[in-house]
C-alpha cells in the first residue's frame, strides 16, 4: 500500500505542462457544473451520476454539493484501495470538490435570474437542454483528455473492468454501471428522465467523438 500511495502522489506532479493542465481541468469542470445546473433546471435529465446524486440529495434534504462531495470522498477511498495511479490526479480532486458546489452556485444564480415558471413549458425546457448538453459534452471531453486523472465515479468502471471483468467489453460495463445509477435515482425520486437514459446509452461515444475532433485523434 505504501508503494502504491507513493506512485499515486507522483502522478500528481509528473505530467508535462502541469500548471496549464490544471487550469484546463478547472475551467472544464466549471463548464461541466454550469451545463449540469442548466440540465437540472430543464428537468429532462442529466448524466446518470448527477441524476443519482440530485435524487438522493433531495430525498435526504441535503444540498447537491454536500452530498456529491461525500459520495466522491467515499468513492475516492475505494479507488485508492482498488485502483491504480493512472486513475488519479488533480483532475480527480477538481471533479470531486468543484462540480457539486459549483452546481449549487449556478443553480442559485438561475433562481435569481430566471422568472418563476419560465421553464414550465416543454419548448423552453428543450431549448435550454440542447445547448447545455452540447457544453457538457465538450467540457467532459476536455476534462477527460487533460491527462490528470478521472473522477472517482468514472474510475470505478475502469477498476471493475481491469480487476474483475477483464473479458467483458468496457462499453457493456459502463452502460450497466450507468443504468445501475439510474435505478438508484429512481428508487429515491420515483422518476425516469429520457435525457438521462439517452446519455447512459450514448454519452461515452459522444464524448469520445468530440475528443477526436478537438484533439485530432485518428
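General observations
- The set of residues in the range 189-210 that are over 16 Å from residue 47 (Cβ atoms) and either modelled with pLDDT under 90 or part of a helix (DSSP H, G or I) (or both) contains only 209.
- Screening the range 143-164 for residues that are modelled with pLDDT of 85 or more and part of a loop (DSSP other than H, G, I, E, B) and picking the one that is farthest from the chain's Cα centre (by Cα) gives 164.
- Every condition in (1) crowded, with 19+ Cβ neighbours inside 10 Å; (2) in contact (Cβ under 8 Å) with a residue 12 or more places away in the chain; (3) part of a helix (DSSP H, G or I) holds for residue 46 except the one numbered (3).
- Some residue of the range 165-187 being over 21 Å from the mean Cα position of the chain (by Cα), in contact (Cβ under 8 Å) with a residue 60 or more places away in the chain and either under 30 Å from residue 27 (Cβ atoms) or surrounded by fewer than 20 Cβ atoms within 10 Å (Cβ to Cβ) (or both): no
- Matching residues, the range 188-200, being touching a helix residue (DSSP H, G or I) at 6+ places or on another chain (Cβ under 9 Å) and in contact (Cβ under 8 Å) with a residue 40 or more places away in the chain: 188, 189, 191, 193, 195, 196, 197, 199, 200
- Odd one out for residue 22 among (1) surrounded by fewer than 15 Cβ atoms within 10 Å (Cβ to Cβ); (2) modelled with pLDDT under 95; (3) in a helix (DSSP H, G or I): (1)
The values are calculated or read from the model by the stated rules, or taken from the named source; none is laboratory data. Everything numeric in this text was worked out from a predicted model, so none of it was measured. So basically every Cβ, Gly included, is an ideal-geometry build from the backbone, and we count neighbours across all protein chains shown.
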